[in-house]
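So the structure is just underneath, and the comments pick up after that.
The values are calculated or read from the model by the stated rules, or taken from the named source; none is laboratory data. Quick caveat, the model's predicted, so the values are computed rather than measured. The protein model used for the area step is the full one, side chains on, heavy atoms only, and it has no ligands, DNA or RNA in it. Shrake-Rupley method; radii C 1.70, N 1.55, O 1.52, S 1.80 Å.
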Amino acid sequence: MGCGSSAPVAEGAPVARKAEPSKAAEPEQDNAQAKVSNKVETDKSKESKSTELAGTSTVVEYIWIDGTMENCRSKARTVTKQVTSVDQLSKWNFDGSSTGQAPGDDSEVILVPRSIYRDPFRGGQHLLCMCECEDPHGNPLPSNTRANAVKIFSDPKVEGEAPWYGIEQEYALLDAKTSRPLGWPEEGYPGPQGPYYCAVGANKISGREICDAHYKACLYAGLQISGTNGEVMPSQWEYQIGPCEGISSGDQMWISRYLLERICEMADVVVTFDPKPIPGDWNGSGAHCNYSTASMRADGGLEVIKKAIGKLEAKHDEHIKAYGEGNERRLTGAHETASIDAFSWGFANRGASVRVGRDVEREGKGYFEDRRPASNMDPYVVTSLIAKTTIL
């Protein structure tokens with residue numbers, strides 16, 4: 001079942017499948033969008049057979065961040081028992097010279113399991129595992145930004161404030177053959193922005209099947225995905241992960257990206273997290289970070305929010321450097337962004353660096369939204385830096 005293979009898919013899990021093209025289809029219709037089916041199938045008998053064949057063994061997909069610090073890699077391992085805790089998983093290794101993480105003459109990189117989630121592709125008791133990368137001596141690799149984030153989130157002051165995050169991950173879908181946005185004409189451009197945000201209709205939306213399949217995959221895995229929507233540029237989408245506390249935010253964001261890549265792989269579509277995928281009068285892609293602490297959520301929290309925003313302003317340049325590569329192409333002061341060169345904030349202002357909602361203003365407590373992070377930002381870096389700046 002699913003994805004052009006005979007592999008079973010978990011009950012309630014997504015299937016984005018290649019469809020046989022119609023012989024009568026016009027050439028311009030023979031694109032990645034036409035190959036994606038939104039059929040989500042439930043096949044209890046196949047899942048049962050998969051579980052029966054597996055016996056007490058669990059397939060665990062070890063996932064890590066490679067040397068680009070933007071992409072995920074993964075490989076599967078059979079564990080001859082049912083796994084209920086990440087502590088039951090042993091370390092593993094891989095060839096770091098093939099991922100930009102080690103030289104060829106000393107290529108072994110150690111995978112350290114950190115968090116586990118249900119596998120929506122294999123189903124049953126099988127798992128996805130987010131890992132850290134260390135050298136053979138136990139030192140975190142430069143690409144292992146999780147290790148430093150854990151130190152910050154483990155600080156008693158930070159733990160006492162119980163920081164919550166809700167990250168709005170934007171992305172664009174590209175035709176694998178043309179590298180143009182999915183559903184765009186082969187030459188030229190679609191009509192100007194305006195009709196596409198949260199739109200309905202084949203002349204306005206491309207890739208909904210992928211978006212929905214990804215949503216279901218995240219839910220099946222146990223991620224705290226809170227919503228999704230079409231975005232301002234055609235073929236651009238967004239989903240939200242959160243609220244998550246502390247290090248869980250980064251873990252869940254990386255797993256959600258991994259799931260999106262896998263869904264797009266099945267559909268023969270490319271996902272890009274480039275902060276400005278198309279130059280010109282088109283919106284870029286961000287990863288707005290909604291943030292609050294226990295003090296902000298308590299009565300009188302608005303004053304705490306204002307003080308925290310002041311701390312962010314004082315370290316604007318430091319944060320910009322940590323908020324994603326190529327962000328200068330996005331943060332221009334246009335297309336619902338603030339200028340990269342100047343910090344600003346305001347109530348309900350989507351042209352500011354930081355936005356505070358009207359409900360927060362009215363209730364005097366709540367959260368704020370840092371709108372500066374780019375879509376390709378590292379969630380471990382961004383979440384921990386915001387906590388460090390505002391709490392420590």
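Couple of notes before you dig in:
- Length-normalised contact order for the range 133-215 - Cα pairs under 8 Å, 6+ apart - percent: 12
- Relative contact order of the chain, defined on C-alpha pairs under 8 angstrom at six or more residues apart (%): 16
- Solvent-accessible area assigned to carbon and sulfur over the range 342-392 amounts to 45 percent, based on a 1.4 Å probe.
- Cα shape, the chain, gyration tensor, a/c 1.5 rule: oblate
- 5 angstrom amide H check on Ser115, placed H, neighbours 5+ away: Met130
- Entry note, the range 287-357: relative contact order of 17 percent, from Cα contacts under 8 Å with a spacing of 6+ residues.
- 3J(HN,Hα) along the range 67-77, derived from phi through the Karplus expression 6.51 cos²θ - 1.76 cosθ + 1.60 where θ = phi - 60°, amounts to x, 6, 6, 10, 10, 9, 10, 7, 8, 9, 9 Hz, with x in place of Gly and Pro.
- Solvent-accessible ranking of Glu168, Glu313, largest area first, probe 1.4 Å: Glu313, Glu168
- Taking θ as phi - 60° and the Karplus parameters 6.51, -1.76 and 1.60, the scalar couplings of the range 370-377 work out to 8, 8, 7, x, 7, 5, 9, 5 Hz in sequence order, x denoting glycine and proline.
- Share antiparallel - DSSP beta bridges, the range 213-357, percent rounded to 5: 65
- Per residue, the chain exposes 44 Å² of solvent-accessible protein surface, assessed with a 1.4 angstrom probe and all protein chains in place.
- Pairs beyond 25 Å (Cα-Cα), from Lys151/Lys365; Lys321/Lys365; Lys157/Lys216; Lys81/Lys151; Lys204/Lys276; Lys204/Lys321: Lys151/Lys365; Lys321/Lys365; Lys157/Lys216; Lys81/Lys151; Lys204/Lys321
- Applied to the range 194-200, the Karplus parametrisation 6.51 cos²θ - 1.76 cosθ + 1.60 on θ = phi - 60° returns per-residue 3J(HN,Hα) values of x, x, 9, 5, 6, 7, 9 Hz, with x for Gly and Pro.
- Of all accessible heavy-atom area on the range 122-237, the percent that carbon and sulfur account for (1.4 Å): 52
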